[in-house]
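Below you'll find the structure, written out as structure tokens, and then a few comments.
The values are calculated or read from the model by the stated rules, or taken from the named source; none is laboratory data. Quantities reported herein were computed from a predicted structural model and do not represent experimental measurements. Counting neighbours? That spans all protein chains shown, and the Cβs are built from the backbone with ideal geometry, glycine included. Surface accessibility is based on the protein's heavy atoms, side chains included, excluding ligands, DNA and RNA. Shrake-Rupley method; radii C 1.70, N 1.55, O 1.52, S 1.80 Å.
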Amino acid sequence: MNIIKTKIFIKTLIVISLVQAGSETNFSAGNSRFLADLYKDSWAVIIGINDYKHMPNLNYAVNDAVAIKEMLMSKYNFKEDHIKLILNEEATKDNITQGFHQLLQKAREKDRVVVFYAGHGETYTLPSGGEMGYLIPVDGNPEELYLTSIPMSELYEIAQMSYAKHILYLIDACYGGLALASTRGLTKTTPNFLQKITSEKGRQIITAGGKDEQVIERSEWGHSAFTKNLLAGLGQSVADIDDDGVITANELGRFMSERVYNETDGLHTPQTGRIGTEMGEFIFFNSADFGDETSFLEYQKKSLERKNKYLTARRLSWTYPGLGHMKMKQKGRGMTFIALETLSLAMTFVSMSGINTAQSKYTDSYNIYKASGEEGSEIFQAAKDQYLSDYNKYQSAQLQFYSAAVSSLAVWVYNIYDIRKQRYNYSGTKSKSILNVSFSPDSRITFRINF
């Protein structure tokens, strides 16, 4: 009986060992995939229309389109000849449709596609009570939507017809009739998250808002609220809330919804959804930060290292200005902050000593002035003059002290701010000094601080 139990126990251990070995092998194989395996090519169609023929003109839609193009190229390695930019008078219905057709021809199974549109949207109410959304080209007429405009259903059809792995529509327009599937439930804490969300095809969309909402543009932004926050979310990686170097479409959608709603006081709220039933996830990442030959496992390790380095630098920035920058290998800025703070503190202590000396002299001269006899006498006038002189010196010493103290505090605060804003921009590269010193021909020295 004991022999039988022993055999069963041994067989159980063997089975468990094999299962564990298999799972470890699968995990290792999954993580050995490289970031370069995610996408082979990246494509984009970018549309911006200011000058409409039958609609009110917009101010910044073209700026929005150009800025998005530059951001995709500089931040996410999109190639210029892979981006179709259609602006103003070129943005006719035929040209836009032709741009979409080119995507169908060029984008392959391992490619990702971004479609960005900045312009007017319109909602058509169906006899059944439903709604249909339209994008208005430069020659579009709201009185003849079907003939002159592009129904959103056409974008959905393109998404279904395309071979591309992932497609993301970024629509800076408000319209009704959004028929979108809900987003998936996976989060970045899910084991092997990147592998799971990128293994399947996916079609997603983020729009500026729905029916009866208006896109907000402001001159101080130079953009619409939607694009302004899109540039911050992607261009500055502010949408990368967990700072892991990857921004998913869902992560971007949640960021846009909250930021735009707050920035426009609720006048319009971006909406995020999925086209079709495929549950893949479009992702933004900058391969230049890690290298195309970086595996998922190495990426996760480097992301953690980068995050820990930033957190350490942030703590050091509170300890003493410049130390955080030195930690991040920004020696130019680090040494400048250290020098400015040390100089400011030295001036503060020197001026504090000057205050004590000036106050002592001022107190003595004041006592002599009070005891100098009758007003109008030479002794009285001399004592009064000395007292006023010492009082002015005392005030001057106070001004020097407060100026030095404020300067020290300003350097400290700006140093902390400069580190914090690099949470989303940190690339590990050396930065230039913020202090420039120049010498003029007449032997004058000029100091310039570049903030």
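Checking every one of the trypsin sites (Lys or Arg not before Pro) in the stretch 300-401 against DSSP loop status and a limit of 10 other Cβ atoms within 10 Å picks out no site at all. Computed on protein heavy atoms with a 1.4 Å probe, the accessible areas place 62, 406 in the order 406, 62, largest first.
Just flag the GluC sites (Glu not before Pro) in the stretch 324-391 sitting in loop per DSSP whose Cβ has no more than 15 other Cβ atoms within 10 Å.
Details: sites: 341, 374, 375, 378; in loops: 374, 375.
Taking the stretch 324-391 and a limit of 15 other Cβ atoms within 10 Å, the loop GluC sites (Glu not before Pro) found are 374, 375.
Each listed q (0.14 Å⁻¹) maps to a log10 I(q)/I(0) for the stretch 294-419, found by the Debye formula over equal Cα scatterers with no solvent: -0.72.
Taking amide H atoms as placed 1.01 Å from N in the peptide plane, the amide H of residue 173 lies under 5 Å from those of 208, 209, each 5 or more residues away in sequence or on another chain. Using the Cβ-Cβ distance between residue 277 and residue 320 with R0 set to 45 Å, the FRET efficiency works out to roughly 0.20. Counting Lys and Arg as +1 and Asp and Glu as -1 over every other residue whose Cβ lies under 14 Å from the Cβ of residue 59, the net charge comes to -3. Each Lys or Arg adds one and each Asp or Glu takes one away; over the other residues whose Cβ falls under 13 Å from the Cβ of residue 136, this sums to -4. The heavy atoms of residue 237 offer some 20 square angstrom of accessible surface to a 1.4 angstrom probe. Of the solvent-accessible surface of the stretch 328-408, computed with a 1.4 Å probe over protein heavy atoms with every protein chain present, carbon and sulfur atoms account for 59 percent. Taking 390, 244 and ordering them by how much accessible surface each has at a 1.4 Å probe, largest first, produces 244, 390. Rolling a 1.4 Å probe over the heavy atoms of the protein chains gives the stretch 56-179 an accessible area of 43 Å² per residue.
Using a cut-off of 11 Å between beta-carbons, work out the net charge of the residues near residue 369 (Lys and Arg +1, Asp and Glu -1, residue 369 not included).
-2
Apolar share of the accessible surface for the stretch 77-154: 48 percent from carbon plus sulfur atoms, 1.4 Å probe.
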